[in-house]
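Heads up, the thing below is written out as structure tokens.
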Amino acid sequence: MDLYHQDHFHDECGVFGVYNHPEAANLVYLGLYALQHRGQESAGIISVDERLFLATRGPGLVADVFRRNELDGLKGKQAIGHVRYSTSGGSNNARNRQPLMVDTAHGGMAMAHNGNLVNAVEMRRTLERRGSIFQSTMDTEVIVHLTALSRRKSFVERLVDALSQVEGSYALLAMNEQCIIAARDPYGIRPLVLGRIGENSYVVSSETCALNLIEAEFIRDVEPGEVILIGPQGVESFFPFPRRKRCLCIFEYIYFARPDSNIDGVNVYATRKRIGMRLAQEHPVLEADLVIPVPDSGVPAALGFAHASGIPFELGIIRNHYVGRTFIEPQQSIRHFGVKIKLNPNPDIIQGKHVVLVDDSIVRGTTSRKIVKMVRAAGAKSVHLRISSPPTTHPCYYGIDTPTQSELLASSHSVEEMRTYVTADSLAFLSLEGMYAAVNGHGLGYCDACFSGRYPVPFPHHEENAQLTLLQENQEFER
Ligand code: AMP
């Protein structure tokens, strides 16, 4: 199981597409800016001008990848874009940047994918036996090949044919010279929304915050299992797959999505605040002087905690915004260093105080341990750590970057052992029931596998997949 995680299929990503707008690529560029939190390792945009596919892809942040002249070169009235962060060794390989673009017997095609296919290695092996030649190690390329090989008549039918053969999570954009297709997996694990600019221009985005930026009107969420064809005939919707129990990733609400987004109609910021209120009820801290968030991820929950408990809220830790997310640092030694550069306690606020520290999650525990020590060194009399989610005990196989199970602190430590490790005076996590009470406004279904180990989409031949994937990765290093 752990081996599997070291593959290159664990991407955190954002997708954005614009159909029928003279500034399509520029709007996608702006949309990707608003989705930057979903992936910082590479970015790309592909536009279609008449029959010509134009691409710019590169490593780094959106601001680094696209220069003015490159954006100007992305002509045409339709474009799709992608931001990506992946843990894999091969991820910074230029071949693993999206959107993907290929020529097929039916013409050009581009694809951008957020999610993770659990049967990708199996499918890839089958395709390779049939003669397919893969250019990248991304699972998305499996969908590209299956689409290209399909004998169905139309583009949308070929894509549906391909998607019916894959298992896992996807919020996907596919584009040919005439249309953009948006698809969300039958479980609805990753979010995807549809919007409009003006009368006849359409936008598809991972999150609503990107629609807000370009002043697009929100139409609705793409439904789980829905395929939306946006083309000369307008917008058509299909539900070609067997219905599944809806399983939206609950971690989108806890950490991943931007607070100003709404997912499936529920506002992320308001949800995080409710979670914080609930946390205060479940695990109060008596005689605390201050509630301090770990910025930025802990801020909404800390506000909720302060509100419910009546303890004053203070920004006792200041974040340096010019440092990348600490989680990106690949080495343990660098990560320790990273936390120090990124977060600074404010001793004037903290000195002599009993402090409630609020963060959204503990993954390896490295960040929490560092921060608790920093806050204590800044003069806190006591540090009570409150986490606005249940203990993260299991890795994600559907598109959130988590380390291997053995690296997850909560997988092998009790809460008391974790408290000792992070050196807090007390430590408490929100209960699973509490999380649901705060999130589940509509009684909808969620994937909570990272907290419960209940994986909604089974992964076939797991061990075998792991072996194969490692093999492919090794080969890549040898080249
Ligand atoms: P750790 O030091 O490994 O326990 O990391 C915990 C910190 O990482 C918390 O402050 C979280 O906000 C943050 N975090 C949790 N999940 C992720 C993720 N998938 N990507 C980046 N950061 C994360």
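The values are calculated or read from the model by the stated rules, or taken from the named source; none is laboratory data. All figures in this text were calculated on a predicted structure; none of them were measured in a lab. Cβ: placed from backbone, ideal geometry, glycine included. Neighbour counts: every protein chain shown. Areas reflect the complete protein model, heavy atoms only, side chains present, ligands, DNA and RNA absent. Shrake-Rupley method; radii C 1.70, N 1.55, O 1.52, S 1.80 Å.
Select, from Val358, Val363, Val372, the only residue that is outside any strand (DSSP E or B), under 22 Å from the mean Cα position of the chain (by Cα) and within 13 Å of the ligand (Cβ to nearest atom).
Criteria check complete, one pass: Val363.
For Arg196, the requirement of being of a type in the set (Lys, Arg), out of contact with any Lys or Arg (no Cβ under 7 Å at 6 or more places or on another chain), assigned to a strand (DSSP E or B) and open to solvent by 60 Å² or more (accessible area, probe 1.4 Å) is met. Scanning segment 1-36 for residues that are open to solvent by 40 Å² or more (accessible area, probe 1.4 Å), under 22 Å from the mean Cα position of the chain (by Cα) and either more than 20 Å from Phe256 (Cα to Cα) or modelled with pLDDT under 95 (or both) turns up Met1, Asp2, Leu3, Gln6, Tyr29. Checking each residue in segment 199-234 for being part of a strand (DSSP E or B), of a type in the set (S, T, N, Q) and surrounded by fewer than 24 Cβ atoms within 10 Å (Cβ to Cβ) picks out only Ser201.
Taking the stated definitions as given, is Arg57 open to solvent by less than 10 Å² (accessible area, probe 1.4 Å) and in contact with a Gly (Cβ under 8 Å, 6 or more places away or on another chain)? No: the conditions fail for Arg57. In segment 405-421, what count of residues is obtained for those that are open to solvent by 10 Å² or more (accessible area, probe 1.4 Å) and part of a loop (DSSP other than H, G, I, E, B)? Residues flagged as open to solvent by 10 Å² or more (accessible area, probe 1.4 Å) and part of a loop (DSSP other than H, G, I, E, B) within segment 405-421 amount to 2. Select from segment 227-258 the residues that are in contact with a Leu (Cβ under 9 Å, 6 or more places away or on another chain) and acidic (Asp, Glu) and list them in ascending order. Selection gives Glu236 alone.
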